[in-house]
Amino acid sequence: MLAEGRARAEAAGIAHVNWLQADAATADLDGFDLLAAHFGVMFFGDPVAAFAHMRRAARPGARMAFVCWRPLTENPWMEVPMRAVAPHVPPRPKADPRAPGMFAFADPERVSQALTAAGWAPPRLDKLDCELDIAAVASIRAALAAYVDGACVRLPAAMWLVGSTRD
């Protein structure tokens, strides 16, 4: 993602950007005017600590902007495929809405609370709606054709089954 960002910035003639891959809660950060994130902050293990650390690294008057998902029920791009496969896979455990994950910041109150607890000004949350072209049907059919077995699509899966004993 950083390489893509660099390439796009370079193509646009933007040279005054520093690109950094780091843990927002512990990285050596200093002197930022703008902190931006694209679908990443909801994975913070401790959002208040991470946002507080980022605030300490920001210059006075610095801005922060990020995009995060609203609730799953407002995101058919993910809910529709999940419902379609639900009868064919084991039931998913009930998600903890406060645990790190894609929809951890779906609740605007939680976003506000995390940011203000970290010392940021109360945020403005604007709804952003768009249609996602998540995949082309013809491409999906072509990719899965080799795995069709009658009425099923069987794809290999790899996992660890881990067992251990105490010494």
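Bear in mind these aren't lab numbers, they're just calculated from the coordinates by the rules spelled out. All values derive from a computational prediction rather than experimental measurement. Every residue, glycine as well, gets a Cβ built from its backbone with ideal geometry; the counts of neighbours run over all protein chains shown.
The condition of being part of a loop (DSSP other than H, G, I, E, B) and either within 27 Å of Asp129 (Cβ to Cβ) or without any contact (Cβ under 8 Å) to a residue 40 or more places away in the chain (or both) holds for Ala27. Among the residues of region 108-133, those identified as within 16 Å of Phe39 (Cα to Cα), part of a loop (DSSP other than H, G, I, E, B) and touching a residue at least 24 places away in the same chain (Cβ under 8 Å) are Lys127, Leu128, Leu132.
Outside any helix (DSSP H, G or I), among the charged types (D, E, K, R) and touching a residue at least 12 places away in the same chain (Cβ under 8 Å): does that describe Arg55?
Against the criterion (outside any helix (DSSP H, G or I), among the charged types (D, E, K, R) and touching a residue at least 12 places away in the same chain (Cβ under 8 Å)), Arg55 does not qualify.
If only residues of region 67-86 that are part of a helix (DSSP H, G or I) and in contact with an Asp or Glu (Cβ under 9 Å, 6 or more places away or on another chain) are counted, the one that is surrounded by the fewest Cβ atoms within 10 Å (Cβ to Cβ) is Thr73.
Looking at the structure I just gave you, is Arg141 of a type in the set (Lys, Arg), out of contact with any strand residue (DSSP E or B) (no Cβ under 9 Å at 6 or more places or on another chain) and surrounded by 10 or more Cβ atoms within 10 Å (Cβ to Cβ)? Yes: the conditions hold for Arg141.
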